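Data first, discussion second: the structure below is written as structure tokens.
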Amino acid sequence: PVRTYLLDVYLNNIARKTTLFPGIPQLLDTIEQSGLPWGVVTNKPGWLTNPLMAALALKKRAACIVSGDTTDNSKPHPKPLFYACDLAAIAPKQCIYVGDADRDIEAGKAAGMKTVAALFGYISEDDNPLDWKADVYINHPSELHPLLKQPHVYF
């Protein structure tokens, strides 16, 4: 089938042109230097997530990586976020969940997390991020630095 072929092509080229958004490497360095755990929760299945995270040199850095098939439910259900918190040994209410889709913000809120809508993500033209009702909206990863230093000011 065409779907199988396309997924195979995607897997074989998983990180050929994939890079982190500008500002993400610096943000992750800052988070790690602060001693804060960070992780990834994606709806992408594990057989695609794991090679991508390895190719981007994130697999060993993240406190947790939860794929769409790791738990019985995927986002917008909060279960993957709760599982990520268990792996990272942190309470959901202590987390800031950053996402570029409505399902991310919905999952974060359902898990009791503070939510940030990343407007630099893969957002379709017909999607209005203001409808997501995130706690905070950012246009660049660098805007997370003050949120991490003084979350009480923003949330």
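Computed quantities for the displayed model
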{"read-out": "Unique match (being more than 12 Å from the chain's Cα centre (by Cα), closer than 16 Å to GLY99 by Cβ and not basic (Lys, Arg)) among LEU56, LEU36, LEU27", "value": "LEU27"}
{"read-out": "Selected residue (criterion: farthest from TYR137 (Cα to Cα)) from residues of the range 108-118 that are surrounded by 19 or more Cβ atoms within 10 Å (Cβ to Cβ) and among the aliphatic types (A, V, I, L, M)", "value": "ALA111"}
{"read-out": "Every residue from the range 78-94 that is buried (at least 22 other Cβ atoms within 10 Å of the Cβ) and among the hydrophobic types (A, V, I, L, M, F, W, C)", "value": "LEU81, ALA84, CYS85"}
{"read-out": "Residue in the range 134-146 that is aromatic (Phe, Trp, Tyr) and closer than 27 Å to ASN73 by Cβ present", "value": "yes"}
{"read-out": "Qualifying residue in the range 24-32 (condition: more than 19 Å from PHE120 (Cβ to Cβ), in contact with a Phe, Trp or Tyr (Cβ under 9 Å, 6 or more places away or on another chain) and buried (at least 18 other Cβ atoms within 10 Å of the Cβ))", "value": "no"}
{"read-out": "Residue within the range 139-147 that is of a type in the set (S, T, N, Q) and more than 23 Å from ALA63 (Cβ to Cβ) present", "value": "yes"}
{"read-out": "The range 110-123, residues that are farther than 23 Å from GLY23 by Cβ and either touching a Lys or Arg at 6+ places or on another chain (Cβ under 8 Å) or polar (S, T, N, Q) (or both)", "value": "GLY112"}
{"read-out": "Flag for ASP126 being surrounded by fewer than 17 Cβ atoms within 10 Å (Cβ to Cβ), over 23 Å from PRO22 (Cβ atoms) and at pLDDT below 95", "value": "yes"}
{"read-out": "Residue among GLY121, GLY35, GLY46 that is of a type in the set (Gly, Ala, Ser), over 25 Å from LEU7 (Cβ atoms), surrounded by fewer than 19 Cβ atoms within 10 Å (Cβ to Cβ) and out of contact with any strand residue (DSSP E or B) (no Cβ under 6 Å at 6 or more places or on another chain)", "value": "GLY35"}
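Okay, residues lined up against (1) aromatic (Phe, Trp, Tyr); (2) touching a residue at least 24 places away in the same chain (Cβ under 8 Å); (3) surrounded by 15 or more Cβ atoms within 10 Å (Cβ to Cβ); (4) over 21 Å from ILE138 (Cβ atoms):
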site: THR42; (1), (2), (3), (4): no, yes, yes, no
site: LYS59; (1), (2), (3), (4): no, no, yes, yes
site: LYS75; (1), (2), (3), (4): no, yes, yes, no
site: ILE96; (1), (2), (3), (4): no, yes, yes, no
site: ASP100; (1), (2), (3), (4): no, no, yes, no
site: GLU106; (1), (2), (3), (4): no, yes, yes, no
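The values are calculated or read from the model by the stated rules, or taken from the named source; none is laboratory data. None of the values given here were measured: they were computed from a predicted structure. All Cβ positions, even for glycine, are placed from backbone atoms using ideal geometry, and neighbour counts span all protein chains on display.
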